[in-house]
Amino acid sequence: MKISLSKIREVENFLDGRMSAGASLLFQVRLVCDPGLRLDVALQQKVRDLIRMYHRKKVREEVGSVHERIFSDPVKSGFSQSILLHFKDKQQ
């Protein structure tokens with residue numbers, strides 16, 4: 001199944017809430033009447049969700065890598081201790 005760029009743009013505008021009230025209402029009516037459009041919207045939302053999950057995973061990996069470099073390097077022990085103290089003060 002191939003979806004046109006203009007249809008993708010229209011679905012994205014709907015999902016992002018960038019349509020006027022009238023255009024959004026018309027799109028919602030089309031969703032009720034057109035199972036293909038409903039599928040396109042559902043698939044586009046799934047793609048967005050997967051991209052968001054992938055991005056979160058990459059950010060977690062990057063933060064973990066920075067954490068490992070800072071807290072395992074003896075040269076940076078003073079810095080890591082000041083960071084730990086900062087957060088320790090906030091918890092009390």
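How much accessible area per residue does segment 1-75 have, in Å², with a 1.4 Å probe? It would help to have the intermediate numbers written out before the result.
Numbers: 5880 Å² over 75 residues.
Ligands and nucleic acids excluded, the result is 78 Å² per residue.
For the chain, what is the mean residue ellipticity at 222 nm derived from helices alone (per DSSP H run of n ≥ 4: -39500 (n - 2.57); sum divided by total residues; nearest 500 deg cm²/dmol)?
Working: 4 runs with 78 residues, N = 92.
Value at 222 nm, helices only: -29000 deg cm²/dmol.
In square nanometres, what is the average projected area of the Cα convex hull of segment 1-89?
On the way: hull surface 39.6 nm².
Its Cα hull, projected and averaged over all orientations, spans 9.9 nm².
Given a 1.4 Å probe and every protein chain left where it sits, what share in percent of the accessible area of the chain is carbon and sulfur?
Values: 4600 of 7500 Å².
The value for the chain is 61 percent carbon and sulfur by accessible area.
Would you calculate the volume per residue, in Å³, of the smallest convex hull containing every Cα atom of segment 24-75? Don't skip to the end; give the middle numbers.
Working: hull volume 3.2 nm³, N = 52.
Measuring per residue, one finds 61 Å³ for the Cα hull of segment 24-75.
Using R₀ = 25 Å, calculate the FRET efficiency as 1/(1 + (r/R₀)^6) where r is the Cβ-Cβ separation of S6 and V32; round to 0.05. Display every interim value, and only then the final one.
Numbers: r = 21 Å, r/R0 = 0.84.
Given R0 = 25 Å and the Cβ-Cβ separation, E is 0.75.
Taking 7 Å along the Cα-to-C-beta vector as the label spot, tell me the F71-D49 distance in nanometres, rounded to one decimal.
Using points 7 Å along Cα→Cβ, the separation is 3.2 nm.
Over segment 1-46, what lengths in whole Å, largest first, do the semi-axes of the equivalent ellipsoid take, defined as the square roots of 5 times the eigenvalues of the alpha-carbon gyration tensor? Mind showing how you got there, number by number?
Values: eigenvalues 52, 32, 16 Å².
Semi-axes (√(5λ), whole Å): 16, 13, 9.
Give the average over all directions of the projected area of the C-alpha convex hull of segment 47-89, one decimal, in nm². Write down the numbers at each step before the final one.
On the way: hull surface 14.5 nm².
Convex hull of Cα atoms, orientation-averaged projection: 3.6 nm².
How many nm separate the modelled label positions at H86 and R56, each set 7 Å beyond the Cα in the direction of the Cβ?
2.5
The values are calculated or read from the model by the stated rules, or taken from the named source; none is laboratory data. Owing to the predicted nature of the structure, the values given are computational and were not obtained by experimental measurement. Neighbour counts run over all protein chains shown; Cβ positions are idealised from the backbone, glycine included. Remember, those area values only see protein heavy atoms, side chains included, never the ligands or the DNA or RNA. Shrake-Rupley method; radii C 1.70, N 1.55, O 1.52, S 1.80 Å.
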